[in-house]
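Reading through the structure tokens given below for one structure.
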Amino acid sequence: MPNRPIYITTPIYYVNDRPHIGHSYTTVAADTLARFHRLAGREAFFLTGSDEHGAKISEAAEAAGMEPQAFCDSIVVHFKDTWKTLGIEENDFIRTTDPRHLEAVTKILTKLKAAKTPDGEDVIYASQYEGLYCIGCEKYLTEKELEDGVCPYHKTKPKLVSENNWFFRLSAYLPEIKRLVETEELLILPIERRKEVLGLIEQCPPDFSISREKVSWGIPVPFDPKQSAYVWVDALSNYISAIGYGADEQLFQKWWRDAETVHLMAKDILKFHCLFWPAMLLAIGEKLPEKIFLHGFFTVDGQKMSKTLGNQIDPNELVSHYGTDASRYLLLTQYPFGVDGDIQVARFTEKYNSDLANELGNLLSRVVKMIERQFDSKLPGPHKGLASTQDLLELAEDAADRAYGEIKHFRIQGAIEVAQALIKKANQFFDHSAPWKAIKEDRLAEAGGVLYICCEVLRVVSILLYPVLPSKMIELREVLGEGSDSLNLDSAREFFCLKPGAPVRLSEPLFPRIQEAFEPSGMKKAEAGKVSDDGLIDISDFGKVKLKVAEILSAEKVEGADKLLKLQISLGKEKRQIIAGVAEFYSAEELVGKQIIVVTNLKPAKIRGIESQGMLLAAKKGKKLTLVSPTGEIPVGASVG
Ligand SMILES: [Zn+2]
């Protein structure tokens, strides 16, 4: 069934962060794939969205002094706007706080509760969840998050705590998932990821808890409202809640049961998508996704992207430097989709100029200028008996099929290379045929024939590159007098389609040359240590700083440091030690019992070899310094913000 509809999803992005090029990469790839399949005459539904529940979000909201929903609303806008800026045209944007999603998850959980495994056991059963709980963080920490066995923020050993949870009997579905992966009914790509999944199954991963007692910002479990749905159960369900699961049978039939279903993501969320999600679907009696494609990680200039390094490139900055289409192109051509790769920011401008301004842009402007001057801006007709057209025509003939073949295997860069090869060949053909010579020698029809062939190649290219460069390729088609009606692969398979005599006009270069290198402000910031150009920060930036009211329990001088005092403070539930440079202004005695404001989520630091777990706030002018204290009565541990 070549024309089966295709359903393509990105992961839904967690709204505790601004969109960066990591998010953008997957989303641009998904948009490109969807557009390509549509060119091939298939209906495509492209879904993206946002993941908005869980302890991390409610903490971030609290720190920002907002209700969780209002906080999510304020962040999700950045994602939606960024996707518009990148020319992303998703068919739907699902939020896990959408009522339709809540209803679907409720139905899924209800169905799971009633479901039996192939052996007739309950799929869902009550059991004790055991985990390492940090009281300071008020959450479970994973072994991975610990540093030397203690919470990295609080330097305290987390407690082994257990709570009553509902568990999913994953073990009952592993043999079936293994079979489906092996037969490729569930095709996991690239091959290394498939091996990884089969390896995971060999290790017999334990059943997983699908609910949480201590997380209040989530979807209530319908049969146990004290509990909320585990964030992954909630998040994974988006792939079917968005297309009408339990609500719109016809829509769901079309886009889940009948369509080719494809999930795209980075490889770090393999276990959830390749084990938990298929198991959940098997348990509720639904078809599995057909393809799961897990792309690699990338580094930026050889380094892992991180906020502290400041190399998290803001896609909006990329677009303001190179434009929407070229930014998509630059993201997708850095390295092949799938593997790990390195994004070299310094190469962006070079790549833009060589591929887009020189090869493609130049071919177009050389050809069109000659048509404008010699043929009164009207497309000349083809000419029989031109020399050396054979190679070019052969390359153009099956370009559409080769490019689409690459796309079917998720090789976006491969599809782009098909178009690049064609452009290169056309440039060589133009140089070799030297139409300017023919014009000089009055062989106008021959020169026109060369120009016509070049325009035909450009028309084919406008189709092949449309999924990557959508608005620029529409512009290119307009230059050639072509509309969007024939914007499809069938038309790219044909040659000699352009109508001689059609108006051909180019007012400005399609891809003007760019001189300046791209310098993400994050990188500049990291160098200069500035906050931002205008000195303003976002509410979400401020929200990262956690301030609390503390009481000073004791204070003593630090040996050999005149300015430092070692303070023991209480934050209510916990005690901490901080080192403060206030000894010139306060004696140890007068500080005891004072209420102060402390930054509680600062990375612990060693000052004169003594650990300091936070920082107090003080106002200073000239030689005067005073501690910042609450003016009214407030219990110790109250948050400030
Ligand atoms: Zn902690």
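The values are calculated or read from the model by the stated rules, or taken from the named source; none is laboratory data. In this text, all values refer to a predicted model and were calculated from it rather than measured experimentally. Cβ placement follows ideal geometry from the backbone for every residue including glycine, while neighbour counts extend to all protein chains displayed. The protein model used for the area step is the full one, side chains on, heavy atoms only, and it has no ligands, DNA or RNA in it. Shrake-Rupley method; radii C 1.70, N 1.55, O 1.52, S 1.80 Å.
Sparsely packed loop sites in the range 1-101 (the GluC sites (Glu not before Pro) outside DSSP H, G, I, E and B with at most 12 other Cβ atoms within 10 Å) comprise GLU89. Using the Karplus relation 6.51 cos²θ - 1.76 cosθ + 1.60 with θ = phi - 60°, the per-residue 3J(HN,Hα) values for the range 416-423 come to 5, 5, 4, 5, 4, 4, 5, 5 Hz, with x marking Gly and Pro.
The residue among LEU444, TYR322, ILE463 whose Cα reaches farthest toward the positive pole of the charge dipole of the chain, with charges on the beta-carbon of Lys, Arg, Asp and Glu, is TYR322. Here is the short version for the chain: CYS72, CYS204, CYS274, CYS454, CYS455, CYS497 have no other Cys C-beta closer than 4.7 Å. Charging the Cβ of each Asp and Glu at -1 and of each Lys and Arg at +1, and nothing else, the dipole of the range 159-271 about its Cα centre rounds to 340 debye. Evaluated with a Cβ-only charge set (Lys, Arg +1; Asp, Glu -1), the range 347-432 carries a dipole of roughly 200 debye about its Cα centre, given to the nearest 20. Ranking GLY87, HIS23, ALA60 by how far each Cα lies toward the positive end of the dipole of the range 1-126 (charges on Cβ) leaves GLY87 at the top. Taking the longest Cα principal axis of the chain as reference, the axis of helix 362-374 is set at about 40 degrees.
For GLU249 and SER216, a Förster radius of 35 Å and the Cβ-Cβ distance give a FRET efficiency of 0.60, rounded to the nearest 0.05. The H on the amide N of ILE607, modeled in the peptide plane, is under 5 Å from the matching H of SER612, each at least 5 residues off or on a different chain.
Amide H contacts for TYR129 (H built 1.01 Å from N in the peptide plane; partners 5 or more residues away or on another chain; cut-off under 5 Å): GLU163, ASN164, ASN165. Amide H neighbours of VAL215 under 5 Å, at least 5 residues apart or on other chains, H built in the peptide plane: list them. Counting only residues 5 or more places away or on other chains, the set is SER228. With the convex hull of the Cα atoms taken as the outline of the range 438-587, the averaged projected area works out to 20.1 nm².
Here the gap between GLU516 and ASP490, fully extended at 0.36 nm per residue and compared with their Cα-Cα distance, gives a gain of 5.4 nm. Every Cα-Cα pair of the chain was included, and the share exceeding 32 Å stands at 59 percent. Each Lys and Arg adds +1 at its Cβ and each Asp and Glu adds -1 at its Cβ; summed about the Cα centre, the range 289-432 shows a dipole of about 160 debye. Between the range 563-621 and the range 468-522, the alpha-carbon centres lie 63 Å apart. Per-peptide packing, taken as the mean over residues of other Cβ atoms within 10 Å, places 229-239, 204-214, 259-269 in the sequence 229-239, 259-269, 204-214 from highest down.
Could you tell me how far the Cα centroid of the range 208-233 sits from the Cα centroid of the range 86-108, in Å? Centre-to-centre distance over Cα atoms comes out at 18 Å. Give the distance, in whole Å, between the Cα centre of the range 315-346 and the Cα centre of the range 368-386. Cα centroid of the range 315-346 versus Cα centroid of the range 368-386: 36 Å apart. Cross-link check: pairs LYS271/LYS544; LYS214/LYS304; LYS546/LYS573 evaluated at a Cα-Cα cut-off of 27 Å; pairs beyond the cut-off: LYS271/LYS544; LYS214/LYS304. Residue farthest toward the positive end of the dipole of the chain, with Cβ of Lys/Arg at +1 and Asp/Glu at -1: which of ALA434, SER162, GLN303? The listed residue farthest towards the positive side: GLN303.
Taking the accessible area of the chain, probe 1.4 Å, and keeping the other protein chains in place, the carbon and sulfur fraction comes to 51%.
Based on protein heavy atoms only, the chain ends up with 46 Å² per residue of surface accessible to a 1.4 Å probe. Give the aspartates and glutamates whose C-alpha is closer than 17 Å to that of LYS437, dropping any in the same chain fewer than 8 places away, or say none. Result set, ordered by chain and number: GLU372, GLU446.
The alpha-carbon atoms of the range 244-389 define a convex hull whose volume equals 256 cubic angstrom per residue. Straight-line cross-link reach from LYS254 at under 18 Å between alpha-carbon atoms covers these aspartates and glutamates, not counting any fewer than eight positions away in the same chain: GLU43, GLU90, ASP92, GLU286, GLU290.
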